[in-house]
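Asks: Structure below; questions to follow.
The values are calculated or read from the model by the stated rules, or taken from the named source; none is laboratory data. What you see is a predicted model; the values in this text were computed from it and never measured. For neighbour counting, all protein chains shown are included, and Cβ atoms are generated from backbone atoms with ideal geometry for every residue, glycine included. Heads up: the accessible areas ignore ligands, DNA and RNA and are worked out on the full protein's heavy atoms, side chains in. Shrake-Rupley method; radii C 1.70, N 1.55, O 1.52, S 1.80 Å.
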Amino acid sequence: MLTLKKPLLRITRGQSQFPLRAIDQKRFLIGAGSSCHLLLTHAKIPMIFALVQQTDEGCTIEAYHPVPPMLVNGEKKRTAELLSGDQLTIGPYEF
């Protein structure tokens, strides 16, 4: 049986006791709200900021709010496919 590894977000900028976060849900919420799978506690992060979705092909991310801007590899995006090694920036956080 083949076991696939779960995608990971590595927090490279921003405070966290756990810098590696597995995207362990098909629909993985990022934001300041307590219902989010990845909680970002900065004042300018909305309660639900973005959704990461896992598909058979990989992961996509969609930002629900324009502020703070979401950057993928330095480019402002609202939606993007996430590939291994991509740099994701949300406000003061980098992944």
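Asks: Tell me the net charge near N73. Cut-off is 13 Å between Cβ atoms, N73 excluded, with +1 for each Lys or Arg and -1 for each Asp or Glu. Present the calculation step by step, with values, prior to reporting the outcome.
Replies: Numbers: positive: K76, K77; negative: E75, E81, D86, E94.
Around N73, the surrounding residues sum to -2.
Asks: Testing the spin-label approximation: label points 7 Å from Cα along Cα→Cβ at Y64 and R13. State their distance in nm.
Replies: Those two pseudo-labels are separated by 2.5 nm.
Asks: Let me ask something additional. Where a ≥ b ≥ c are the square roots of the eigenvalues of the C-alpha gyration tensor, would you call the chain rounded, which needs a/c under 1.5, or, failing that, prolate if a/b is larger than b/c, or oblate?
Replies: Values: a/c = 1.55, a/b = 1.38, b/c = 1.13.
In terms of gyration-tensor shape, prolate.
Asks: If R0 is 41 Å, what FRET efficiency do you get for N73 and S34 from their C-beta distance, rounded to 0.05? Don't skip to the answer; put the middle values down first.
Replies: On the way: r = 30 Å, r/R0 = 0.73.
The value I calculate is 0.85.
Asks: Over the chain, what is the relative contact order in whole percent, taking alpha-carbon pairs under 8 Å and six or more residues apart? Walk me through the intermediate numbers first.
Replies: Values: 184 pairs, mean separation 21.0, N = 95.
The normalised contact order for the chain reaches 22 percent.
Asks: Can you give the net charge of the other residues whose Cβ lies under 11 Å from the Cβ of R21, counting K and R as +1 and D and E as -1?
Replies: In short, +1.
Asks: Once ligands and nucleic acids are excluded and a 1.4 Å probe is used, how much of D24 is accessible, expressed in Å² to the nearest 10?
Replies: Its accessible surface works out to 80 Å², give or take rounding.
Asks: While we're here: Using a 1.4 angstrom probe on heavy atoms only, work out the carbon and sulfur share of the accessible area of the chain in %. Don't skip to the end; give the middle numbers.
Replies: Values: 3380 of 6410 Å².
Whole-percent figure for carbon plus sulfur exposure: 53.
Asks: Still on this model: So what is the accessible area of the chain per residue, in Å², with the probe set to 1.4 Å? Intermediate results must be reported in sequence, preceding the final value.
Replies: On the way: 6410 Å² over 95 residues.
Computed with neighbouring chains in place, this is 67 Å² per residue.
Asks: Using amide H atoms built 1.01 Å from N in the peptide plane, name the residues 5+ places from C59, or on other chains, whose amide H lies under 5 Å from its own.
Replies: When sequence neighbours closer than 5 places are left aside, the close amide H contacts are L82.
Asks: Rank M70, M47 by accessible area, highest first, at a 1.4 Å probe radius? Mind dumping the intermediate values first?
Replies: Details: M70 0, M47 125 Å².
Result of the area sort, largest leading: M47, M70.
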